[in-house]
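Just so it is clear, none of the values below were taken in a lab; they were calculated from the coordinates. Remember, it's a predicted structure, so these values are computed and weren't measured experimentally. Please note: Cβ atoms are built from the backbone with ideal geometry, for glycine as well, and neighbour counts cover all protein chains shown.
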Amino acid sequence: MIGQNRFISQVKELIDNNSFPLFSIIVGKAGIGKKTACKEVSKILKCECIVWGNKIDEIRELKQLMENQTEEIVYCIPDYEDMSIGARNSILKMCEEPPQKAHIILTSCSKDIIIPTILSRGVVFELDGYTEEELQEIEAIEAAENNWYDEEIDYDEYESYY
């Protein structure tokens, strides 16, 4: 993962102290890499990461699935801001007593829109904006993966990620 050194340090410290939470929230601007951050957590925990849906039926299905879970798994539930009130209430019930082997990570573009009861149930990680050098590194990787080396990159287009 490029950048986000503060986030990675926080996660590693919690894991080293055997205190990484069963419920946490990753907050950051749209496109900053919240799902990638969830996947990074699973790498550090040495377990699988599953990006789950955020509709009410999907949240209810996840709750049932986790009841029988025997292996440690990170469940990423993206885009709190797009969830219905019913789905948000289901998340609230789930985060009050998450199963022992499930690490539930909720993502959101803003901490301010999350109801205080949910915020109080987990650890909030706020992702940092990227430096210009980090954006250049990300662009170089994307260019290599997509074979578009000849294009001129307009870094002003990525201003919202700073």
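Structure above, values below:
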{"item": "GluC sites (Glu not before Pro) restricted to DSSP loop in the stretch 71-109 with at most 16 other C-beta within 10 Å", "result": "Glu71, Glu72"}
{"item": "Local electrostatic count, Lys34, Cβ distance below 13 Å [Lys/Arg +1, Asp/Glu -1]", "result": "-2"}
{"item": "Restraint check, Lys63/Lys101; Lys12/Lys101; Lys55/Lys93; Lys12/Lys46; Lys63/Lys93; Lys12/Lys63, Cα-Cα greater than 21 Å", "result": "Lys12/Lys63"}
